[in-house]
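The values are calculated or read from the model by the stated rules, or taken from the named source; none is laboratory data. The shown structure was predicted, so the numbers you read here are calculated from the model rather than taken from an experiment. Cβ coordinates were reconstructed from backbone atoms using ideal geometry, including for glycine residues, and neighbour counts include every protein chain displayed. The protein model used for the area step is the full one, side chains on, heavy atoms only, and it has no ligands, DNA or RNA in it. Shrake-Rupley method; radii C 1.70, N 1.55, O 1.52, S 1.80 Å.
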Amino acid sequence: MASGMTSSEYIAHHLTNLTYGKHPVNGWSFAQSGQEVVDMGFMSINVDSMVWSVGLGAFFIWLFSRVAKTATTGVPGGVQNFIEMIIEFVDDSVKSMFHHKSALIAPMALTIFVWVFLMNLMDLVPVDWIPHLAVVVGIPFMKIVPSTDLNVTMGISFSIFFLIVFYSIKQKGIGGFMAELSLQPLGKWALPFNLLLEVVGLIAKPISLALRLFGNMYAGEMIFILIALLPFWAQWLLSVPWALFHILIITLQAFIFMVLTIVYLAMAHDHH
Amino acid sequence: MNMNMTILGQMISFAIFVYLCMKFVWPPLTAALAERQKKIAEGLDAADKAARELADAQQSVEAALQESKAQAAVLIEQANKRASQIVDEAKETAQAEADRIKAAAAADVEQEINRAKEALRAQVATLVVAGAEKILGASIDVNNHKALVNKLAAEL
């Protein structure tokens, strides 16, 4: 915990993104306080979320494509072995849940799994290191866990939502998709009720996907921040067990996000 | 928690990463995995085949061994038979030789006896003549009484 801050200031600091946007008074600038972030509204961007998430995504693509380029069919080395393990794990998951032909689903599932995992993994970096370093070099805020930013999780889940709608229409036609939304579960005489039920169900998919990941990561980060408020000599008593437990959570959340994406897209392909 | 343009930025980044993954990560890695799977399957097949061939080879070795053993047994038996035959033949030859030598010896003895008899007879004839001369007091003309003396000698 940085000196000269109250606990609530400290927590608020750790939960505020580095935001660049159009402030009504200051114009295009970095927000210097939580209030300025709120004032900027939609015309702003969370620079830290973008930099960290794109950086981690680029790391994923770099690592995997480097291994892919040198992949041998002989005895694989350490890194290749590990990467192949992930690939096979994702491939098995996709094959067991998605029974149509698609060149998109499996690579997308891999991207989601690894990318979300890497973003979650940032949660295990001690909460003060990078934000404090940023303050020292003059950057007001720095949230290093992109998946604790609802924009990030929503961005992925909305993309998936568009894919769900796209594939539903592609596989069943506009009419088929509409019929699916309106003629079940109760038949054509309860059309408005069916429509309400199905549309809510459809929209709930991306929302729940995004909120589940965001909620888990935000809560985990919050607990690390609260542990960081303890005296330094007592922190390890709580932070070590929580970090160990969190390893499970971040992996599980990445896996759940991937599996639900596959399931939703499989449902979009299936005819009911 | 503010919703802002980050959401659009994330959607764009997500699309780009998925595209890159589809293009540069997934196909080469799954191809490598499939290739290795094929290789391993081929290797296992080859191992199976080799094991089968080994079993076959062992079987034929066994058969060849059995056959050569049988042949060896036949050869040994033949050799034994031949050996006893040779011994028998040798025995027969020796027996024959012994018989022949015995017969020759017997003939020699016979001859010797005859010769001795002849000599004795001749001497007896002379002695008889000499004895008769002494008894008769007169010489006997050997030539005149030769037939008589010889008759006498033959009766001895």
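By a straight-distance test (C-alpha under 24 Å), which lysines pair with B:K146 as possible cross-link partners, with residues fewer than eight away in the same chain excluded?
Candidates past the 8-residue exclusion: B:K117, B:K134.
Could you check the spin-label model distance between B:R52 and B:A154? Points 7 Å from the Cα along Cα→Cβ, value in nm.
Computed distance between label sites B:R52 and B:A154 equals 10.7 nm.
Given a 1.4 angstrom probe, what's the average accessible area per residue across chain A, in square angstrom? Please report the intermediate quantities before stating the final value.
Values: 13090 Å² over 272 residues.
Using a 1.4 Å probe on heavy atoms only, each residue of chain A averages 48 Å².
What list of ³J(HN,Hα) values in whole Hz, one per residue of the range A:55-63 in order, does the Karplus curve 6.51 cos²θ - 1.76 cosθ + 1.60 (θ = phi - 60°) give from phi, with Gly and Pro shown as x?
x, 5, x, 5, 4, 4, 5, 4, 4
Report Rg(Cα)/(2.2 N^0.38 Å) for the range A:114-272, keeping two decimals.
1.37
With a 1.4 Å probe on protein heavy atoms only, work out how much accessible surface B and A bury together, total over both chains, in Å² to the nearest 100. Let's see the in-between values first.
Numbers: alone 13730 and 14760 Å², together 24860 Å².
For chain B against chain A, roughly 3600 Å² becomes buried.
Roll a 1.4 Å probe over the protein heavy atoms and report the accessible area of A:F59 in Å², nearest 10.
90 Å²
Got a number for carbon plus sulfur as a percent of the range A:19-107's accessible area, 1.4 Å probe?
66 percent
If the convex hull of the alpha-carbon atoms of chain A is projected onto planes in all directions, what is the mean projected area in square nanometres? Each step should come with its number before you reach the end.
Numbers: hull surface 76.6 nm².
Its average projected convex-hull area is 19.2 nm².
Quick one: Cα convex hull volume of the range B:17-139, Å³ per residue?
Numbers: hull volume 10.8 nm³, N = 123.
Each residue corresponds to 88 Å³ of Cα convex hull volume.
Report, to the nearest whole %, how much of the accessible area of chain B belongs to carbon and sulfur atoms, 1.4 Å probe, protein only.
62 percent
Per residue of chain B, what 222 nm ellipticity follows from adding -39500 (n - 2.57) for every DSSP H run with n ≥ 4, rounded to the nearest 500?
On the way: 3 runs with 136 residues, N = 156.
So the calculated ellipticity at 222 nm is -32500 deg cm²/dmol.
For a quick size check, give me the Cα extents of the range A:1-140 along its three principal axes, largest first, whole Å.
Extents along the principal axes: 59, 33, 26 Å.
Please turn the phi angles of the range B:149-154 into ³J(HN,Hα) values with the Karplus equation 6.51 cos²θ - 1.76 cosθ + 1.60 (θ = phi - 60°), one per residue in order, whole Hz, x for glycine and proline.
4, 4, 4, 5, 4, 5
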